[in-house]
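One structure is given here, and the rest of the page talks about it.
The values are calculated or read from the model by the stated rules, or taken from the named source; none is laboratory data. Every value quoted in this text rests on a predicted model; they were computed, and no experiment measured them. Glycine also receives a Cβ, built like all others from the backbone with ideal geometry; neighbour counts cover every protein chain displayed. Side chains included, ligands, DNA and RNA excluded: accessible areas come from the protein's heavy atoms. Shrake-Rupley method; radii C 1.70, N 1.55, O 1.52, S 1.80 Å.
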Amino acid sequence: MEKLMIAGGYPLKGTVRISGAKNSAVALIPATILAESPVTIEGLPDISDVQILKDLLEEIGGTVEFSENDMTVDPSSMISMPLPNGKVKKLRASYYLMGAMLGRFKKAVIGLPGGCHLGPRPIDQHIKGFEALGARVTNEQGAIYLRADELRGARIYLDVVSVGATINIMLAAVRAKGRTIIENAAKEPEIIDVATLLTNMGAKIKGAGTDVIRIDGVDNLHGCQHTIIPDRIEAGTYMIVGAAAGEGVLIDNVIPHHLESLIAKLREMGVQIETNDDQVFVGPAEKMKAVDIKTLVYPGFPTDLQQPLTSLLTGAEGTSMVTDTIYSARFKHIDELRRMNANIKVEGRSAIINGPVQLQGAKVKASDLRAGAALVIAGLMAEGVTEVTGLEHIDRGYSHLVEKLNGLGATIWREEMSKEEMEQMKNA
Ligand code: EPU
């Protein structure tokens with residue numbers, strides 16, 4: 001097992017290229033199940049979630065070619081193999097296999113998903129949608145069983161705005177009979193990306209990116225070629241890196257419009273930001289001011305950038321309040337930041353950060369993906385060396401993190417953990 005070592009305090013400068021969006025990739029790959037002929041997805045990120053989904057498609061009989069960042073899936077010989085255990089439990093997005101397999105085979109058995117622990121993460125809205133389309137859904141020993149004689153379009157109002165439920169219902173509905181209307185749908189760019197792939201496959205979808213999506217079911221879907229959108233959360237993370245430790249960082253291959261809420265907040269903090277069609281420039285860090293942040297569904301401030309931004313706010317003058325309205329327990333990075341000398345307390349769903357403080361290198365543990373990003377940013381800001389364990393979380397979502405940061409002039413490397421360190425981690 002490896003840990004990440006970061007020697008903090010080096011100024012960062014240069015260009016970093018953003019990879020394809022993780023949260024699109026994990027839906028686009030299962031979506032290929034719905035076609036009858038090969039689908040190519042270009043620009044996938046090199047992350048472990050993508051690798052696991054590739055393995056799962058092969059487990060159900062798909063032929064998958066994956067080289068560099070492009071994946072071609074031939075779904076023609078896939079079967080509705082039950083997947084109650086094993087790799088499905090390694091990532092939360094394996095729930096997209098439910099919608100896709102239900103859409104294609106009218107049945108699926110999928111183990112309840114794993115993923116980051118950020119508080120309760122129910123999938124009741126996904127299930128409500130599948131049932132409305134005519135599926136019988138049961139939970140048997142930790143696996144969801146879905147069966148339908150036929151799927152019929154329905155009007156589905158989501159009680160909670162959910163990215164996963166919106167995409168999953170789209171996946172199940174594209175081959176249902178008749179019209180499905182999803183009301184109170186999520187509007188994230190990843191939903192538009194999935195709808196674009198499905199449309200290229202022959203689906204009839206209108207309104208993706210608004211809160212009402214209309215889907216007219218078709219009998220068959222065919223292969224196509226699709227290029228994934230850039231990862232707005234990875235881009236946002238590097239923008240925060242630039243603000244935290246930069247002397248001018250250019251983020252390339254990004255859609256600035258997807259990051260308006262972060263751009264506005266960074267500017268409010270006093271960070272200099274310039275944008276063009278597909279790049280964001282983050283100027284040299286000056287004195288930063290405290291700001292308040294409330295996470296909201298898109299286009300509000302993304303919960304996925306709340307943790308990385310908390311690290312940056314430790315260096316801002318004054319008191320900042322970060323409130324997460326999406327997840328109740330997305331503050332596991334705070335204790336670790338405190339070990340690094342941060343002055344933060346958590347009250348209910350808010351973190352209150354007093355700054356500026358000079359962070360100090362320490363041994364810290366990433367409890368989830370974005371907590372990992374937050375600790376890396378803190379490590380870059382800190383005096384001395386920071387050791388981050390829990391790398392398996394970071395590897396789920398950040399493509400070539402070490403290479404990209406070293407490319408900007410950081411001093412960061414992976415190191416094998418000793419037996420004693422692994423023992424200590426197990427007992428912690
Ligand atoms: N919710 C329900 N019932 C449901 C579904 C969701 O109550 O059936 C609640 C959740 O508990 C949460 C809120 O609704 O409080 C939003 O959840 P959503 O379904 O939108 O989240 P998700 O689809 O499970 C995706 C991303 C997350 C990101 C959230 C919110 C993927 C694979 N994951 O999760 O990304 O935080 O949307 O934007 O797309 C990450 O990348 O680090 C990550 C956790």
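Would you mind classifying the range 22-227 by shape? Square roots of the alpha carbon gyration tensor eigenvalues, ordered a ≥ b ≥ c; an a/c under 1.5 is rounded, otherwise it is prolate if a/b is larger than b/c and oblate if not.
Because its axes are fairly even, with a/c under 1.5, the range 22-227 counts as rounded.
For the range 250-290, compute Rh as the Kirkwood radius over C-alpha pairs and then the Stokes-Einstein diffusion coefficient at 4 °C and 1.567 mPa s; write the answer in µm²/s, rounded to an integer.
D = 124 µm²/s.
Count neighbours as other Cβ atoms within 10 Å of each site's Cβ, and list the GluC sites (Glu not before Pro) in the range 245-312 that are DSSP loop with at most 14 such neighbours. Walk me through the intermediate numbers first.
Working: sites: Glu247, Glu260, Glu268, Glu274, Glu286; in loops: Glu286.
Answer in residue order: Glu286.
To test your reading of the geometry: what angle, between 0 and 90 degrees and rounded to tens, separates the Cα axis of helix 260-269 from the longest principal axis of the chain?
Approximately 10 degrees, to the nearest ten.
Relative to the longest principal Cα axis of the chain, at what angle does helix 96-105 sit, 0 to 90 degrees, rounded to 10?
Value to nearest ten degrees: 10.
Tell me, what % of the accessible area of the chain is carbon and sulfur with a 1.4 angstrom probe?
The nonpolar share, carbon plus sulfur, comes to 49 percent.
What percent antiparallel are the DSSP beta bridges of the range 22-227, to the nearest 5?
If we restrict to bridges inside the range 22-227, about 75 percent are antiparallel.
Can you give me the accessible area per residue for the chain, using a 1.4 Å probe, in Å²?
Numbers: 16570 Å² over 428 residues.
Accessible surface, normalised per residue, equals 39 Å².
From the C-alpha coordinates alone, can you work out the Kirkwood hydrodynamic radius of the range 34-75, in Å?
Value: 10.4 Å, from the Cα pair sum.
Could you work out how much longer the chain between Lys363 and Asp46 gets when fully extended? Use 0.36 nm per residue separation minus the Cα distance between them, nm to one decimal.
Values: separation 317, 0.36 × 317 = 114.12 nm, distance 2.67 nm.
Extending this stretch completely gives an extra 111.4 nm.
Just to confirm the filter: which chymotrypsin sites (Phe, Trp or Tyr not before Pro) across the range 256-350 are DSSP coil and have at most 14 other Cβ within 10 angstrom of their Cβ? Display every interim value, and only then the final one.
Details: sites: Phe281, Tyr327, Phe331; in loops: Tyr327, Phe331.
Sites meeting the loop and neighbour criteria: none at all.
In the range 169-321, what is the count of Lys pairs whose alpha carbons are under 25 Å apart, counting only pairs at least 8 residues apart or on separate chains?
So the count of such lysine pairs works out to 10.
Please work out the FRET efficiency for the pair Arg147 and Asn184, using the Cβ-Cβ distance as r and a Förster radius of 25 Å; give the result to the nearest 0.05. Let's see the in-between values first.
Details: r = 27 Å, r/R0 = 1.07.
The computed FRET efficiency comes out at 0.40.
Using Cα-Cα distances under 8 Å and only pairs 6 or more residues apart, what relative contact order does the chain have, in percent?
With pairs under 8 Å counted, the relative contact order is 20 percent.
Using the structure shown, list the pairs from Lys22/Lys128; Lys54/Lys90; Lys22/Lys404 with a Cα-Cα distance above 19 Å, or answer none.
Those over the limit are Lys22/Lys128.
Across the chain, how large is the tail of the calculated P(r) beyond 36 Å, expressed as a percent of all Cα pairs?
The share of Cα pairs beyond 36 Å in the chain comes to 26 percent.
Only bridges with both residues in the chain count here: give the DSSP antiparallel percent, nearest 5.
70
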